[in-house]
Amino acid sequence: MRFKTHLKIHLPRLAHNVEKLKAWAPRNEILFMIKADAYGHGMVPVVRFCAGELGLTEFGCASIGEALKLRLELAQNEFEIYVFSDLELDLPQCREAYGNKRILPVISCLEDLRLFFSDPMFASVPLCLKLNSGMNRLGFAENEIPELLSEMKRAGRRSIYHLMTHLASSSRAMKAADQNHQQAKKFEEMKGHFVAAGISIERTSMSNSGGILQNFGMEYSHIRPGLMLYGPSSLDPQDRGLSSWSGKTISDLDSYLIAAYPVAAGALIGYGGVAAPTAGVLAIIPMGYGDGLSTHYKNLQLTMGKYQGRSCGRINMDMTAFLFPAEAKDKIKVGDPCRLWGENPSEILQLADNNHTIPYEIFCQVSSRIPRLYSLN
Ligand SMILES: *Cc1c(COP(=O)(O)O)cnc(C)c1O
């Protein structure tokens with residue numbers, strides 16, 4: 001049990017972000033990416049709310065395990081689940097799960113395509129394909145399309161349910177002829193091969209948050225947002241100003257002080273005796289790398305009312321020290337609440353920028369030791 005240290009997920013902020021996105025992209029269907037436990041926010045409650053209250057009907061996982069968990073825990077809700085990367089189609093028990101639980105594997109290679117066509121379990125499962133348009137991660141290469149088409153023909157499949165590709169550089173400012181535009185062009189070319197072969201394509205998608213934020217790839221039926229619906233922009237720091245989108249960070253990471261006392265400049269703080277750069281008030285919070293604050297973070301900010309503290313010394317497993325300015329003396333004390341990030345996305349983005357990381361990773365690292373609380377306020 002733990003109460004005062006928690007990640008509080010404000011579901012109305014998620015509703016706000018989804019409504020905003022619907023207005024931003026009125027002609028696109030939303031396939032919401034909820035892999036990695038909804039970017040650390042708790043996949044089941046997030047999907048329950050989005051499917052039950054916000055009318056979202058399509059969700060994207062990374063693994064069959066994530067998809068199966070959703071189906072088992074939210075059996076009463078009607079929605080589609082895609083699995084994007086860790087398919088495990090070679091395992092009979094997984095093939096059965098796809099077939100019986102209406103889970104859509106996104107097929108990216110010929111080996112999986114052959115497994116898909118050879119098992120009667122998949123006879124009525126719609127075909128979803130990922131193309132490698134230049135990211136060089138997952139997806140069919142252009143020179144594999146003839147083989148892919150002949151496999152489809154042999155299996156008697158004349159349609160693709162969802163044809164997609166993924167952008168490698170959507171977090172950067174879009175410029176003519178850049179990697180994003182090259183990928184878009186390649187995707188169109190590859191799509192053309194299916195059309196020329198008389199294959200019908202029901203749905204298409206390309207853009208993740210970075211594309212959507214820059215109105216790129218909006219001609220396709222679907223968009224696949226992840227990060228932006230959790231609040232922060234996915235654009236690189238220098239390009240963030242390019243998009244007028246602003247979401248609300250759906251979570252607050254809150255804790256409280258378990259110690260607070262004045263220290264002199266040069267006082268040795270914690271493991272390894274790191275000298276305090278200035279005099280001030282040292283404040284200890286009961287969170288450390290065991291909770292997901294990486295030892296690589298050198299510049300965490302802690303907010304307490306109008307005072308801002310900076311992390312000082314090494315991050316420990318269970319605790320982190322922050323140095324507040326001397327004028328915070330008598331103003332911050334043991335038991336007082338503090339916050340690492342809240343609703344304004346600039347807070348988690350600042351944390352990411354200051355520590356050479358990305359908001360995706362910070363969210364995903366919040367460990368299971370931090371309780372997730374869900375609020376309807
Ligand atoms: C994770 C993922 C997304 C969402 O990316 P964001 O940058 O979080 O918007 C979209 N598509 C695929 C295939 C993904 O793996």
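The values are calculated or read from the model by the stated rules, or taken from the named source; none is laboratory data. Worth saying up front: this structure is predicted, and the values here are computed from it rather than measured. Cβ coordinates were reconstructed from backbone atoms using ideal geometry, including for glycine residues, and neighbour counts include every protein chain displayed. Each accessible area value is taken on the protein alone, full model and side chains, heavy atoms only, with ligands, DNA and RNA left out. Shrake-Rupley method; radii C 1.70, N 1.55, O 1.52, S 1.80 Å.
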Item to check | Hull shadow area, averaged, the chain [alpha-carbon convex hull, nm²] | outcome: 20.5 nm²
Item to check | R0 of 35 Å, Cβ-Cβ distance residue 239-residue 118: FRET efficiency to nearest 0.05 | outcome: 0.15
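How much length is gained if the chain between residue 246 and residue 264 is pulled fully straight, taking 0.36 nm per residue apart and subtracting their Cα-Cα distance, in nm to one decimal?
My answer for the length gained is 2.4 nm.
In Å², and per residue, what accessible area does segment 228-289 have when probed at 1.4 Å with the other protein chains present?
Values: 2410 Å² over 62 residues.
I get 39 Å² per residue for segment 228-289.
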Next on the checklist: Using the Cα centre of the chain as origin and beta-carbon charges of +1 (Lys, Arg) and -1 (Asp, Glu), tell me which of 294, 230, 16 is placed farthest towards the positive end of the dipole.
Outcome noted: 16
Checklist entry - At what distance in nm do the modelled label points of residue 19 and residue 353 sit from each other, each positioned 7 Å from its Cα along Cα→Cβ? => result 2.9 nm
Item to check | Probe 1.4 Å, protein heavy atoms only - accessible area per residue of segment 1-118 in square angstrom | outcome: 42 Å²
Next on the checklist: For the ranges 194-203, 75-84, 33-42, what's the packing order if you count other beta-carbon atoms within 10 Å of each residue, average per peptide, and put the highest first?
Outcome noted: 33-42, 75-84, 194-203
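Could you give the DSSP H helices of the chain that reach 27 angstrom or more along their long axis (alpha carbon positions) and whose average Kyte-Doolittle hydropathy is no lower than 1.0?
For the chain, where a helix must reach 27 Å along its axis and average at least 1.0, there are no hits.
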Item to check | Chain lengthening between residue 147 and residue 330 when straightened (0.36 nm per residue, less Cα-Cα) | outcome: 58.6 nm
Checklist entry - In segment 170-314, what percent of the accessible surface is made up of carbon and sulfur (1.4 Å probe, ligands and nucleic acids excluded)? => result 54 percent
Checklist entry - Most fluctuating residue of 342, 55, 217 in a GNM of the chain with Cα springs under 10 Å: which is it? => result 55
Item to check | Extension gain, residue 78 back to residue 175 (0.36 nm per residue minus Cα-Cα distance, nm) | outcome: 30.9 nm
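For segment 1-143, calculate the relative contact order in percent as a whole number, restricting contacts to Cα pairs under 8 Å that are 6 or more residues apart.
15 percent
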Item to check | Spatial separation of Cα centroids for segment 1-79 and segment 262-325, in angstrom | outcome: 34 Å
Checklist entry - Hey, what's segment 309-377 come to in accessible area per residue, 1.4 Å probe, Å²? => result 52 Å²
Checklist entry - Which three semi-axes in whole Å describe the equivalent ellipsoid of segment 1-98, each the square root of 5 times a Cα gyration tensor eigenvalue, listed largest first? => result 24, 19, 12
Checklist outcome for this item: Expressed as a whole-number percentage, the relative contact order of segment 237-377 with C-alpha contacts under 8 angstrom and at least six residues apart is 28 percent
Next on the checklist: Sequence gap at least 6, Cα distance under 8 Å: using those rules, report the relative contact order of the chain to the nearest whole percent.
Outcome noted: 18 percent
Checklist outcome for this item: Between residue 1 and residue 88, Cβ-based FRET efficiency (R0 51 Å, step 0.05) works out to 0.90
Checklist entry - Using the Kirkwood formula over every pair of different C-alpha atoms, what hydrodynamic radius in Å results for segment 53-184? => result 15.9 Å
Checklist entry - What residues of segment 157-182 lie in the reach of a label at residue 202, counting those whose backbone N is under 16 Å from a point 7 Å from the Cα along Cα→Cβ? => result 157-164
Item to check | Using a Förster distance of 30 Å, the FRET efficiency for residue 344-residue 71 (Cβ separation, nearest 0.05) | outcome: 0.25
Item to check | Three-way shape label, segment 154-198, alpha-carbon gyration tensor, a/c 1.5 | outcome: prolate
Item to check | Candidates 209, 233, 367, ranked by Gaussian network fluctuation over the chain, Cα under 10 Å, top entry | outcome: 367
Checklist outcome for this item: Cα-Cα pairs in segment 183-273 separated by more than 15 Å, as a whole percent of all pairs, come to 74 percent
Next on the checklist: If Rh is defined by the Kirkwood formula over all Cα pairs and Rg also comes from Cα, what ratio Rg/Rh do you get for segment 54-127?
Outcome noted: 0.95
Checklist outcome for this item: Connecting every pair of Cα atoms under 10 Å apart in the chain and solving the GNM, the largest mean-square fluctuation among 46, 334, 281 falls on 334
Checklist outcome for this item: In segment 44-138 the accessible area split gives carbon plus sulfur, as whole percent at 1.4 Å, a share of 50 percent
